[in-house]
Amino acid sequence: ASLQSTELARAREVWRKKFGTPPLDAAARGKQQRFLLARGFSGDAVRKVVAGGDDESWDSADS
């Protein structure tokens, strides 16, 4: 469980350093998702990060 929670935080940080802003269209969303997936993050974590950007509200909802 702790690995999953740190995965989301790690994915969010990697995303923030590379992109920093939510995607504006489907092409940008795909690019951001592929970037994170290629770095070994789970599909669930990738969807949450790309969908919400820096939104911290997931952490309490997932616990």
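Summary table
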read-out	value
Hey, Gly40 surrounded by fewer than 16 Cβ atoms within 10 Å (Cβ to Cβ), at pLDDT 95 or above and either outside any helix (DSSP H, G or I) or in contact with a strand residue (DSSP E or B) (Cβ under 8 Å, 6 or more places away or on another chain) (or both) or not	yes
Residue in the stretch 27-35 that is surrounded by 14 or more Cβ atoms within 10 Å (Cβ to Cβ) and at pLDDT below 95 present	no
The stretch 10-31, subset part of a helix (DSSP H, G or I) and free of Cβ contacts under 8 Å to residues at least 12 places away in the same chain, residue nearest to Phe41 (Cα to Cα)	Glu13
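The values are calculated or read from the model by the stated rules, or taken from the named source; none is laboratory data. Nothing here was measured: the structure is a model prediction, and the numbers come from that model. Don't worry about glycine lacking a Cβ; one is built from the backbone with ideal geometry, like all the others, and counts go over all protein chains shown.
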